[in-house]
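Heads up: the structure comes next, in structure tokens.
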Ligand code: ADP
């Protein structure tokens, strides 16, 4: 790849047991640049046999890795963190090339991704157990935390680096080893991480990356009795399927799935702050994040003012284009299907009576670019009310009362992220407690942080990532009962 300071970070291979390998079949996946559709690399299309080898390697590496002291594991993770920051520019460029997000945003993701390495390096040393009073005076009860074992991770394309580190850093800190299947659209960010893992001193077999046939790899991971934990970020449909597959061997499961985030603006909100929060919560990654606002619920007294201010911000601030171009802050969508879905939601809303304020069409740049779009007067009958758009469509729904807003916000099978803006402290508590969501931004549109628990309720998933809770997901709790 042109323009990298360190060409060795561009690795169109799989990484198993410390070796860079091709597929047994010699088959490959074409990776393209979403900005122009050009093929940028071919990576191996791995299947079940290679996955089994990777699981065996991870299993073989497990005893030695878990036996390291917490501080030894922490030092390696910390070195990995430092290397990611050192190579932020290259990692960002690789990401923009395969994923499309603007380089500044891609570099931002690298910093965020690296922050999980740092966080879990620190947390590795705080894996505490408990002692509990025994049932008899000569009895003692002790609780130990131990790594679950080999982890199978499947990750999406929208955050090609941080969705891996959020899992791998926690798993490695806990003493687990891991087999990662990255999304077929973005394998190069994953293998670049593996290149740095090697330099950081992660022993062979501890971290493996397998681009390949999703279904086959997923089946092999869930059918293996050596894999003790499946962690997945992606669509609810695939999450549901993996969960049922994991039932066979009673594997532990963490799922971070789809969302349908409401962003509620009450009459008493600071509208300028709300618009600023809305821009981040809606348009980051061109609207392709699972915590992106899907529904703006705005109280009737401020709805017109909010729409005008949001329209002004969209017209003034959003620049669509190739992520490598200076000043661009909205890149292409990941593929044609994504464009079709956004357009379908826009068209459906207009057909059902919504008012189109901005955009509403494919961008004049063509390809996978879509105009940032604002519609007002959305209602529950429209697709955008119940399905995740995953693109740059801001749909505004009116409401009258706080009760109605909560009801609308919770009227979905999803429960990942929600946002609300108000200056009333009592309302902050009522609404904060009433929202059936795992993550709630209050007068805040950007909520991701390695120190905080990330995850959803209802069909948005199981378990939490990041924070001290994220480490728990990779550990078993063992109770020792001792008579003196
Ligand atoms: P998206 O629609 O965002 O691509 P997916 O859930 O389809 O979401 O993809 C997320 C990850 O799940 C990707 O790595 C993809 O390859 C993988 N995946 C897709 N289908 C399956 C499957 N049947 N079994 C295991 N993994 C799958």
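The values are calculated or read from the model by the stated rules, or taken from the named source; none is laboratory data. Note that the structure is predicted; figures quoted are calculated from it, not measured. In this analysis, Cβ positions are derived from the backbone assuming ideal geometry, glycine residues included, and neighbour counts consider all displayed protein chains.
Considering only residues of the range 464-480 that are surrounded by fewer than 21 Cβ atoms within 10 Å (Cβ to Cβ) and outside any helix (DSSP H, G or I), which is farthest from the chain's Cα centre (by Cα)? Filtering first and then ranking leaves 480. Counting residues in the range 122-137 that are crowded, with 24+ Cβ neighbours inside 10 Å, touching a strand residue (DSSP E or B) at 6+ places or on another chain (Cβ under 9 Å) and modelled with pLDDT of 95 or more gives zero. The set of residues from the range 314-330 being assigned to a loop (DSSP other than H, G, I, E, B) and either free of Cβ contacts under 8 Å to residues at least 12 places away in the same chain or out of contact with any strand residue (DSSP E or B) (no Cβ under 8 Å at 6 or more places or on another chain) (or both) comprises 319, 322, 323, 324, 325, 326, 327, 329. Looking only at the range 314-343, count how many residues are exposed (fewer than 13 other Cβ atoms within 10 Å of the Cβ), within 16 Å of the ligand (Cβ to nearest atom) and closer than 22 Å to residue 93 by Cβ. Matching residues across the range 314-343 total 0.
Summed over the range 18-46, residues that are in contact with a strand residue (DSSP E or B) (Cβ under 7 Å, 6 or more places away or on another chain), surrounded by 15 or more Cβ atoms within 10 Å (Cβ to Cβ) and farther than 12 Å from residue 186 by Cα total 7. Going by the structure shown, is residue 183 over 24 Å from the mean Cα position of the chain (by Cα), assigned to a loop (DSSP other than H, G, I, E, B) and either buried (at least 20 other Cβ atoms within 10 Å of the Cβ) or more than 12 Å from the ligand (Cβ to nearest atom) (or both)? So residue 183 fails the test.
Does the range 189-200 contain any residue that is within 15 Å of the ligand (Cβ to nearest atom), free of Cβ contacts under 8 Å to residues at least 40 places away in the same chain, in a helix (DSSP H, G or I) and touching a strand residue (DSSP E or B) at 6+ places or on another chain (Cβ under 9 Å)? There is at least one residue in the range 189-200 that is within 15 Å of the ligand (Cβ to nearest atom), free of Cβ contacts under 8 Å to residues at least 40 places away in the same chain, in a helix (DSSP H, G or I) and touching a strand residue (DSSP E or B) at 6+ places or on another chain (Cβ under 9 Å). Is it true that some residue in the range 154-170 is without any contact (Cβ under 8 Å) to a residue 60 or more places away in the chain, assigned to a strand (DSSP E or B), surrounded by 24 or more Cβ atoms within 10 Å (Cβ to Cβ) and more than 9 Å from the ligand (Cβ to nearest atom)? No, the range 154-170 contains no residue that is without any contact (Cβ under 8 Å) to a residue 60 or more places away in the chain, assigned to a strand (DSSP E or B), surrounded by 24 or more Cβ atoms within 10 Å (Cβ to Cβ) and more than 9 Å from the ligand (Cβ to nearest atom). The residues of the range 1-35 that are over 24 Å from residue 88 (Cβ atoms) and assigned to a loop (DSSP other than H, G, I, E, B), listed by number, are 17, 18, 22, 23, 24, 25, 26, 27. Within the range 234-272, the set of residues being surrounded by 21 or more Cβ atoms within 10 Å (Cβ to Cβ), near the ligand (Cβ under 9 Å from one of its atoms) and farther than 20 Å from residue 440 by Cβ comprises 234, 239, 242.
So for the range 274-281 (the condition being in contact with a helix residue (DSSP H, G or I) (Cβ under 9 Å, 6 or more places away or on another chain), over 30 Å from residue 373 (Cα atoms) and away from the ligand (no atom under 16 Å from the Cβ)), does at least one residue qualify? No, the range 274-281 contains no residue that is in contact with a helix residue (DSSP H, G or I) (Cβ under 9 Å, 6 or more places away or on another chain), over 30 Å from residue 373 (Cα atoms) and away from the ligand (no atom under 16 Å from the Cβ).
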